[in-house]
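The values are calculated or read from the model by the stated rules, or taken from the named source; none is laboratory data. Everything numeric here is computed off the predicted structure, so don't read it as measured data. For neighbour counting, all protein chains shown are included, and Cβ atoms are generated from backbone atoms with ideal geometry for every residue, glycine included. Protein only, heavy atoms only, side chains kept; ligands, DNA and RNA dropped before computing areas. Shrake-Rupley method; radii C 1.70, N 1.55, O 1.52, S 1.80 Å.
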Amino acid sequence: MRLLLQMGDGAQRGAVARAAVLALALICTPVVAPLGLLASAQAQPAALTPPQAEALATYNSAAGEFKAVLAQRRAQINARQPLPNLPGQALYLARLKMMSAYKALTAVLPSRIGRPNKFKIPPAYFDADSEPLIDEYLALFAIMQAPPPGAQNSDTPFKDVVELGTAIARAKGLDAAHAEAAGRISLGLFFAETNGNQNIGNARSNKYKGSFQTGTSEGHGGRQKWAGLRHAIAAFGPALIARDDKEEARLGTLDRRFNHWIAVRDGLMNAHAELFPQIPAIVKTLPNRIDQMKLFELIQIIPTPTRAALRSGNLLGYRISDPTIMGFLRNNSVFTFGKSDRAKTSATFREILDGMWLFNEKFERAIATFDAIKAGAKM
């Protein structure tokens, strides 16, 4: 299961070095510089070093490429032209390239780090003046990933995720507090995979679709596991089982991944339910709720190493060095931006969790939504 993440400021031009040199000269000699010369010196920005100039040119080029591919896709959509296979891939890669180039620029020219941006991306990675580009990027993805005709939405998509995650955890033997944590983590996964949108397609993959971005085999595996757990859930949650029966009857011949309830149920059962019994130990190791969500999202991205780390007895110190696994992380916006991040050949799970900062905003929204549901909101 995967959904690719869809999602400072151009700035002060540096110190007035020539003015500083001139000021030193005034201290050391009685010669008084003409007022016009002083004003001219103060107006001149410091010359860029060759690495700075190269980084600036690279960033400007990457930003231009991102603008161009956005404009191309918008023109194709507006003209109702056929889109290429995986129409979001070029946009995604261009966005990553622009952000990576900006991080490389601010690394050699810190004065380019500007004001905060509305997407809560660290300013060293993103120029806030580029916010309209990301707005357009998100708007295009919303069109390209729109649910298909006949998709079966829920009136309470967020509450469904919480109830299913909580019920599965209870059936796995968790107490009320840890079952609640499972429901909260499940909601975080929904935001991470789809940005909180039900029944969407995937403009970067022909395999993963729906509210939990599952493939057909993953959905099938989750369905089989759910069949084995229904009896345990029925003992304490007959209303939930009645809802499940209703959704199964409603499905008809539709792709199961485009019924929100069934897609969430099967997605959770396939990849995450087996780890729910470890939640008590996980929350002790990771008391931060966002870190808990990140760990379960890693089950989506790098499942085998994540399970190995959980078995190791040293979760946060467990180190990944396989180039293929590092590539999977980079493909999901972890260690993706800037030369230093991309040069990493290994990382501990603590470093990986910290490197998942692009997920923070989604998980913050998930927590706020969860708290609202607990307070009685119908969402």
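List of remarks:
- Residue ranking by accessible heavy-atom surface, 1.4 Å probe, largest first, among Tyr208, Tyr59 comes out as Tyr208, Tyr59.
- Accessible surface of Phe335 - all protein chains present, 1.4 Å probe, nearest 10 Å²: 10 Å²
- Computed from the Kirkwood radius of its Cα pairs, the Stokes-Einstein diffusion coefficient for the range 257-379 at 10 °C and 1.306 mPa s stands at 101 µm²/s.
- Radius of gyration, Dmax [the range 261-324; alpha carbons; angstrom]: 12.3, 37
- Gained length - Leu316 relative to Lys120, 0.36 nm times residue gap less alpha-carbon distance: 68.0 nm
- Accessible surface ranking that places the most exposed of His260, His220 first, with a 1.4 angstrom probe: His220, His260
- Excluding same-chain neighbours fewer than eight residues apart, the lysines reachable from Lys374 by a Cα-Cα span under 29 Å are Lys118, Lys120, Lys159, Lys172, Lys209, Lys225, Lys246, Lys284, Lys294, Lys362.
- 1.4 Å probe accessible area per residue over the chain, in Å²: 45 Å²
- Tail beyond 26 Å, pair distance distribution of the chain (Cα, percent): 58 percent
- More than 16 angstrom apart: percent of Cα pairs within the range 131-220: 61 percent
- Distance (nanometres) between label positions extended 7 Å along Cα→Cβ at Ala368 and Ala177: 2.7 nm
- Take the Cβ atoms of Arg223 and Asn153, set R0 to 25 Å, and the FRET efficiency comes out at 0.80.
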